[in-house]
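Reading through the structure tokens given below for one structure.
The values are calculated or read from the model by the stated rules, or taken from the named source; none is laboratory data. Not measured: the values here are computed from a predicted model. Methodologically, a virtual Cβ is constructed for each residue, glycine included, from the backbone with ideal geometry; neighbour enumeration extends over all protein chains shown.
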Amino acid sequence: MTTSRPDEGPDSTRTTSTDDPAPAGERAEPAAGEDRAGRATIVGTGLIGASIGIALRSRGWRVTGIDDGPGIAGRAVSLGALDAEGIDDDADVVFVATPVRAAEAVIRDVLGRPGRRADAIVTDVGSVKGPLVAAVDHPSFVGGHPMAGSEQVGVDGANGELF
């Protein structure tokens, strides 16, 4: 279920699952002997972001995401790359899969988001690291650089085996 917080406006969402009844900011512990898959949010659900989503979901993770392109995140849901559209403030990790020129602003927005799990890792998939890592000095940010790609373009080219 995706809900908007009244204090954050209609463009801000909090994604929760009826399978995980823990209140926001609290973690539901798995039953004894049960492994708990992780939770991830992907900002930018094109080729790389959706491929990450497919790979994580195939391993039991709950994956949500957003994209500023009209209908792109919805298409990622229909292709199985996301469980739902939205930002999960209880995510273990947030992948920023936007164009490099937008990454710094998006990462700062994610890191400054009220209600975000303080121990969540925020990483990016951009190719240029030096300026970004220097600009975003935050203990939760880990600059990433996936060595992956494809001749395909966009969410329809996503592949869970890309990595």
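Table for the structure above
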| item | result |
| --- | --- |
| Subset of the range 115-145 [loosely packed, with under 14 Cβ neighbours inside 10 Å, of a type outside the set (Gly, Ala, Ser) and either in contact with a Cys (Cβ under 9 Å, 6 or more places away or on another chain) or under 24 Å from GLY69 (Cα atoms) (or both)] | VAL128, HIS145 |
| Verdict on LEU56 being modelled with pLDDT under 95, among the hydrophobic types (A, V, I, L, M, F, W, C) and surrounded by 13 or more Cβ atoms within 10 Å (Cβ to Cβ) | no |
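Residue-by-condition table, conditions (1) of a type in the set (A, V, I, L, M); (2) closer than 22 Å to ARG39 by Cβ; (3) in contact (Cβ under 8 Å) with a residue 60 or more places away in the chain:
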position: GLY86; (1), (2), (3): no, yes, yes
position: GLU104; (1), (2), (3): no, no, no
position: VAL125; (1), (2), (3): yes, yes, yes
position: PRO131; (1), (2), (3): no, no, no
position: GLY144; (1), (2), (3): no, yes, no
